[in-house]
Amino acid sequence: MTCRTHATCDLIDIGANLTHDSFDHDRDAVMQRAREAGVVQMVITGASREHSPKALALAQAHPGELFATAGVHPHHAVEYTAECDAEMRALLAHDEIVAVGECGLDYFRDFSPRPAQRRAFEMQLQTAVDTGKPLFLHQRDAHADFMAIMKQFDGQLGPAVVHCFTGTREELFDYLDQDWHVGITGWLCDERRGQHLRELVPSIPAHRLMIETDAPYLLPRTVKPAPSHRRNEPMYLAHIVEELARDRGEDVAVTAANATATTRAFFGLPGG
């Protein structure tokens with residue numbers, strides 16, 4: 001691992017929404033800024049019927065550097081028809097697609113009816129069983145139902161990561177008890193909502209911890225100077241890992257090296 005500027009090391013962003021239209025005008029520049037900040041690989045989130053194929057295309061255009069997931073976020077659960085399921089399975093046949101998802105439950109926004117969310121989640125879990133690929137999971141304000149549905153697939157699923165973890169101590173330890181992985185974002189840097197995460201992250205074992213920006217969302221509030229546009233970018237992963245390392249009482253290089261090794265093992269990424 002090569003340490004770079006700003007005390008960061010080679011990093012992997014496990015959750016970047018690079019197909020988002022806010023990147024359409026400068027996507028190449030965004031990627032270059034990420035490289036300069038030490039981000040050597042990214043997993044592009046596929047979160048809808050529209051954007052999962054775009055995530056694959058982006059990964060295919062940047063072999064070895066970009067990878068992708070294919071799935072439907074609970075916000076879009078109503079679009080998860082049998083036809084959509086077939087489309088996701090076809091995408092998952094590609095080597096560049098390294099996980100099923102983003103899938104799960106979101107009772108905070110309820111953009112899709114809860115029964116539709118649960119059905120789409122169950123169908124995607126079955127896809128993970130059938131393909132053997134890891135899971136990229138989303139859960140917000142739906143912990144009990146989330147755990148109950150996951151329990152239906154006990155012993156059938158491969159590795160799973162609960163991405164963008166923002167939950168409680170109880171939720172964290174429920175996930176760790178299942179040997180699931182946890183993704184930490186710039187939510188950690190939000191003094192209004194993320195303060196409790198600073199107390200929880202030392203409890204995550206290094207071999208279960210991964211890092212992500214969830215760009216263009218969740219710009220770390222502690223980035224100075226704050227960009228005027230408020231758009232998050234993968235380049236800010238370096239800032240997140242610095243704060244994460246401080247909260248864990250580790251050297252930045254140690255936190256970065258462990259997260260990178262864990263990520264490559266989880267998704268089967270080249271390098272290292």
Counting only residues in the stretch 52-64 that are open to solvent by less than 50 Å² (accessible area, probe 1.4 Å) and part of a helix (DSSP H, G or I), the one farthest from residue 29 (Cα to Cα) is identified as 52
Scan of the stretch 185-201 for residues that are free of Cβ contacts under 8 Å to residues at least 60 places away in the same chain and either open to solvent by less than 70 Å² (accessible area, probe 1.4 Å) or hydrophobic (A, V, I, L, M, F, W, C) (or both), ordered by number: 186, 187, 188, 189, 190, 194, 196, 197, 198, 200, 201
If we ask which residues in the stretch 173-184 are surrounded by fewer than 16 Cβ atoms within 10 Å (Cβ to Cβ) and either of a type in the set (Lys, Arg) or out of contact with any Ser or Thr (no Cβ under 8 Å at 6 or more places or on another chain) (or both), their number turns out to be 3
Among the residues of the stretch 189-202, count how many are closer than 20 Å to residue 106 by Cα and in a helix (DSSP H, G or I). 1
Only one residue in 237, 219 is touching a strand residue (DSSP E or B) at 6+ places or on another chain (Cβ under 8 Å), open to solvent by less than 30 Å² (accessible area, probe 1.4 Å) and not acidic (Asp, Glu). Which one? 237
Which count do you get for residues in the stretch 220-258 that are free of Cβ contacts under 8 Å to residues at least 24 places away in the same chain, part of a loop (DSSP other than H, G, I, E, B) and in contact with a helix residue (DSSP H, G or I) (Cβ under 7 Å, 6 or more places away or on another chain)? 1
Regarding the stretch 73-80, can at least one residue be identified that is aromatic (Phe, Trp, Tyr), closer than 21 Å to residue 127 by Cα and within 15 Å of the chain's Cα centre (by Cα)? no
Of the conditions (1) surrounded by fewer than 17 Cβ atoms within 10 Å (Cβ to Cβ); (2) part of a loop (DSSP other than H, G, I, E, B); (3) of a type outside the set (Asp, Glu), the single one that residue 261 does not satisfy is (2)
Confirm whether residue 114 is in contact with a helix residue (DSSP H, G or I) (Cβ under 9 Å, 6 or more places away or on another chain) and over 21 Å from residue 15 (Cβ atoms). yes
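The values are calculated or read from the model by the stated rules, or taken from the named source; none is laboratory data. Predicted model only: the values in this text are computed from it and were never measured. Note: ideal-geometry Cβ built from the backbone for every residue, glycine included; neighbour counts use all protein chains shown. Each accessible area value is taken on the protein alone, full model and side chains, heavy atoms only, with ligands, DNA and RNA left out. Shrake-Rupley method; radii C 1.70, N 1.55, O 1.52, S 1.80 Å.
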